[in-house]
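Scroll down for the structure; my scribbles are underneath it.
Bear in mind that the values in this text are calculations on the coordinates, not laboratory data. Here the structure is a predicted model, which is why all the values come from computation and not from measurement. Every residue, glycine as well, gets a Cβ built from its backbone with ideal geometry; the counts of neighbours run over all protein chains shown.
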Amino acid sequence: GTFQDVGMNSFNHYAYGAIGEWLYRHVAGLDMDPENPGYKHILLAPHPGGGLSNVNAEFSSLYGKIKSAWKIEGDKLVYDVTVPANTTATITLPSAPADQVTMNGQALPASVKEGMKQSGKALSLNVGSGSYQFSYPYSDASLLLKAEK
């Protein structure tokens, strides 16, 4: 689906804009770096939880499409991102065990491990333009959605 319907022609009303901003910046985790305006450097930090099992957000920047899509599959978190050409991104994965994160189905490459930082349970890494899929065991029981309920 989309955020708005065809009958909605204005986001000048703060209430609607605030909800959209929260969904993009917090739930999907798609944000610009205040030190690099215009999405030249992108911050991607999803926040799973709240009873959601998946989120898919896209934003058309001047550089191209930015995508942030996460889903919980059983005991794994799968996170798909697209970083447009001529940009970079810092990706922060929640509750990510550094030694178990895969990128595009393989172990993290040395170039990504080089700038990797673990801060508590969160793992931050830097990537250049491209499309990536990160996957890892996700055991934050307080955030997991139980499909059988």
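The local environment of Tyr24, defined by Cβ-Cβ distances under 15 Å, has a net charge of -1 under the rule Lys, Arg +1 and Asp, Glu -1.
Among residues other than Val78 with Cβ under 14 Å from its Cβ, the summed charge is 0 (Lys and Arg +1, Asp and Glu -1). Hand me the GluC sites (Glu not before Pro) from segment 43-145 located in a DSSP loop with no more than 11 other Cβ atoms within 10 Å, in residue order please. Of the GluC sites (Glu not before Pro), the ones in loops of segment 43-145 whose Cβ has at most 11 other Cβ atoms within 10 Å are Glu114. Which whole-number percent of Cα pairs in segment 32-137 have a distance greater than 20 Å? Of the Cα pairs, 35 percent sit more than 20 Å apart.
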